[in-house]
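Derivation of every value follows stated rules applied to the coordinates shown; laboratory data play no part. Keep in mind the model is a prediction, meaning the values are calculated, not measured. All Cβ positions, glycine included, derive from the backbone under ideal geometry; neighbour counts span all protein chains shown.
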Amino acid sequence: MAECNVDPYEYLKIEVNPDGTLTRHQHLPAIDEEPPDSAMFTKDVPLSSTKNTWLRIYKPKQLPPSTPKPPVIIYYHSGGFIDASASCSIVHNFCSNMSAQLPAVVVSVEYRLAPEHRLPAAYEDAVEAIHWLKNESQLQAVVADHDLSRCFLMGDSSGGNIAYHAGLRATKTEPVKIVGVILHEPFFGGLERTGSELRSVNDQALPLSATDLMWELSLPLGSNRDHWYCNPMMVDESTEKGRGVGWLGRCLVTGSEGDPLIDRQRILVKMLEGKGVDVVARFREGGFHGREVNDPNEAQVLFMVISDFIVSSSSS
């Protein structure tokens, strides 16, 4: 393996304090609300006041005539479990554009971050967001037209990991019907390095030292990268945790060949297929980790793939 010359603390712009908390030196710009003349409706609603978690809901103000009620996408943002927010401009703009293009009601989740709240805290918040939707009147009070019989879990990078584990933990009770899980460049790992990781030790978008540090800060204390939160290959089928893999229904896994995590994503696809999950895999040539979230033009390509997946899932 090539020598890693990236300082992960400098790269991530973080400092670990003596009490185990983080000082985050990078302050990403936030968007509190859409301008009055926006074509999008957005609203923030509390999820848990004790945990300081909340939801940001997006929906186009006007839908074309004869458009069916839009599906609901519960979205979990990226940030390596340790950074970012549902209010970050990058996350906000991505969700707003996705809601407009599909169209869909997008429910973006502000979950707790590590290391202040190590995993499974984010998974618990992710499932709590699903439970919030089960009281349909809560969403009805915010947006009138939506179809909870077509609900999808979605996340990118660490958010993809969260969507995966939320899908394993979520119950299948009405009125929410989770018909698909959308994992965009999902963040997984393991102690044994993959070929794409070894080739991308000093990757500009996602260096290996940074991924190792993010796992170190987010996994339960005393765990390594073969913990099943990080490495889904380690799940014991005799446990309750392992039984959930076959319950995911349909999965869309997307990514880029230039992503250091691409081998992990291909391994995940094969594992899910082996468990009987209906998987649609779409991997683009070239690229880098975070391409679609950071580039609105690239995001349009992803939205078309997601739209096709939603249509085929709804009709199956």
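Remark: the range 259-265, residue by residue, has Karplus-estimated 3J(HN,Hα) of 7, x, 8, 4, 5, 4, 5 Hz, where x stands for each Gly or Pro and the curve is 6.51 cos²θ - 1.76 cosθ + 1.60 at θ = phi - 60°. Exceedance of the 27 Å cut-off in Cα-Cα distance is limited, within the set Lys177/Lys270; Lys13/Lys61; Lys43/Lys69; Lys59/Lys134; Lys59/Lys275; Lys61/Lys134, to Lys13/Lys61; Lys59/Lys275. If I take all pairs of Cα atoms in the chain, what percentage of them are more than 31 Å from each other? The calculated P(r) of the chain puts 25 percent of pairs beyond 31 Å.
Working from Cα positions, state the angle (0 to 90°, nearest 10) between the long axis of helix 208-218 and the longest principal axis of the chain. Value to nearest ten degrees: 70.
Take every DSSP beta bridge whose two residues both sit in the chain; close to 35 percent of them are antiparallel.
In plain terms, the residue of Cys4, Cys230 with the fewest other Cβ atoms within 10 Å comes first and the most crowded comes last, giving Cys4, Cys230.
Annotation: Cα Rg of the range 1-132 relative to the compact-globule expectation 2.2 N^0.38 Å equals 1.23. Counting every other Cβ atom within 10 Å of each residue's Cβ, His117, His146, His77 order from fewest to most as His117, His146, His77. Report the full-extension gain for the segment Met233 to Glu34: residue separation times 0.36 nm, less the Cα-Cα distance, to one decimal in nm. Length gained, Met233 through Glu34: 67.5 nm. The fewest-to-most ranking of Arg118, Arg199, Arg56 by surrounding Cβ atoms within 10 Å reads Arg199, Arg118, Arg56. Neighbours of His184, meaning other residues whose beta-carbon lies under 9 angstrom from its beta-carbon, give a summed charge of -3 when Lys and Arg score +1 and Asp and Glu score -1. In a reduced charge model with +1 at each Lys and Arg Cβ and -1 at each Asp and Glu Cβ, the chain shows a dipole moment near 960 debye about its Cα centre.
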